[in-house]
Each structure stands twice: as structure tokens, then as C-alpha cells.
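What follows is a set of notes on a single structure, which appears directly below.
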Amino acid sequence: MADPRLACPPLAPPPVRPSLNDQPSHFILLEREVEQESRPQILERLQQKVDAVAEEAHAVSPLCPQCARPMGYPDTHPVSWLARWGSLPASVSRYRCRRCKRERQPLLDLLGVEPGRICGSLARWLALLAAVAPYELAARLANLLLGVNLNAMAVWRVAQRVGQAAASYRDALS
Ligand SMILES: [Zn+2]
């Protein structure tokens, strides 16, 4: 008689594919409600911190990245970028080196933001979502998880930008 230990175990039913519920749970709705209520305060506090960094940046003239001389001839212009909590405006000084024709905007370098773009943690989240889901679904997930209203095109643009930065870094390393 055959050894029962060698017998094949009965086949388990195939796993059920997970899907997004159309209706979020009551708790998720509560979480979202609190997050939406807190948005203005978070944005205001973030703006204060950005303004503080801007003030520090305005006080120092940067050095030219090419000839290392102090750069001059600053002009100031308004910029803004989109973050997870809303749009943040700032006044940015642009310096020039007359010799090398180089330009620098120290505040943008300090903060790591690009004017007119989606920046900060929101850009990272969108790039991550776009890496695991089609752009349309990534935009929907961003709305569900982060409370931001963006279309698939906006997600695509961020994914291109962040993806391009990663590719350039990889090329530079090799
Ligand atoms: Zn220079």
C-alpha cells in the first residue's frame, strides 16, 4: 500500500484577486475628514518654515560654482510650487556671475523644489504610485490616500521627471 505521507495534498482553491472597494470604510472617511480639516493649518505652518529658510537664504550671497567668487546682481522674482498640502509661494533671489555667466537661485537649491512643479513628498508618492499602477489608477489612489485632486497627465509628468532624474543619476554613476 502507498505511503500516505507521499500522497498529494488536496488542491487549494485559487486565491481571490484583491480589488479596491468603491466605498471606503467609515474609519477611512473619518481619517480623511480630519486630514482635510487640518490642511489649512499644516499649509500655514509649512509656509512659515519656508519663509524662514527664504529669509536666511536672502542674507547670504552664494559663490559661483565655477570660479568660486561671490555672485552678485541679484534680482528677486515670485515662484510657487505644489505640495501635498497646497500651493506654496516664495520670493526667490537669482544671482549671477558676470565672468562665467552662471546663475544660481540658492533658495530653490536649499529647499530642493522646482518652480511651477509638484514637489516634495507629493512628487515621491506620485512617482511611487505610478510605478505600481497605470496613471489613471495612480491618480485615483492619490486622491483616496493623499487627498489631492490630480489627473493622470499630472501623475505622468511627475513620473517622467522623477524617472528621468533617476536615469541620469544611474548614467552618471556608470
Ligand atoms: Zn564665476
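The values are calculated or read from the model by the stated rules, or taken from the named source; none is laboratory data. On a predicted model such as this, the values are computed, not experimentally measured, just so you know. We place every Cβ from the backbone using ideal geometry, glycine too, and count neighbours over all the protein chains shown.
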Query raised in the report: Among the residues of the stretch 17-28, is there at least one that is surrounded by 10 or more Cβ atoms within 10 Å (Cβ to Cβ), part of a helix (DSSP H, G or I) and modelled with pLDDT of 75 or more?
Result: yes
Report task. Could you check, for the stretch 78-87, whether at least one of its residues is farther than 30 Å from Val155 by Cβ and out of contact with any helix residue (DSSP H, G or I) (no Cβ under 9 Å at 6 or more places or on another chain)? Result -> no
Query raised in the report: Does Ser87 satisfy the condition of being under 30 Å from Ala142 (Cβ atoms) and without any contact (Cβ under 8 Å) to a residue 24 or more places away in the chain?
Result: yes
Query raised in the report: Has the stretch 55-76 got any residue that is modelled with pLDDT of 90 or more, more than 16 Å from the ligand (Cβ to nearest atom) and under 22 Å from the mean Cα position of the chain (by Cα)?
Result: no
Query raised in the report: Are there any pairs, at least 6 apart or on different chains, whose C-beta atoms fall under 9 Å, with the first in the stretch 140-163 and farther than 11 Å from Leu126 by Cα and in contact (Cβ under 8 Å) with a residue 60 or more places away in the chain and the second part of a helix (DSSP H, G or I) and of a type in the set (Phe, Trp, Tyr), and if so, which?
Result: none
Query - When residues of the stretch 82-125 are limited to those that are within 16 Å of the ligand (Cβ to nearest atom) and in a loop (DSSP other than H, G, I, E, B), the one surrounded by the most Cβ atoms within 10 Å (Cβ to Cβ) - result: Cys97
Report summary line: A careful count of residues in the stretch 140-159 that are outside any helix (DSSP H, G or I) and touching an Asp or Glu at 6+ places or on another chain (Cβ under 9 Å) gives 2
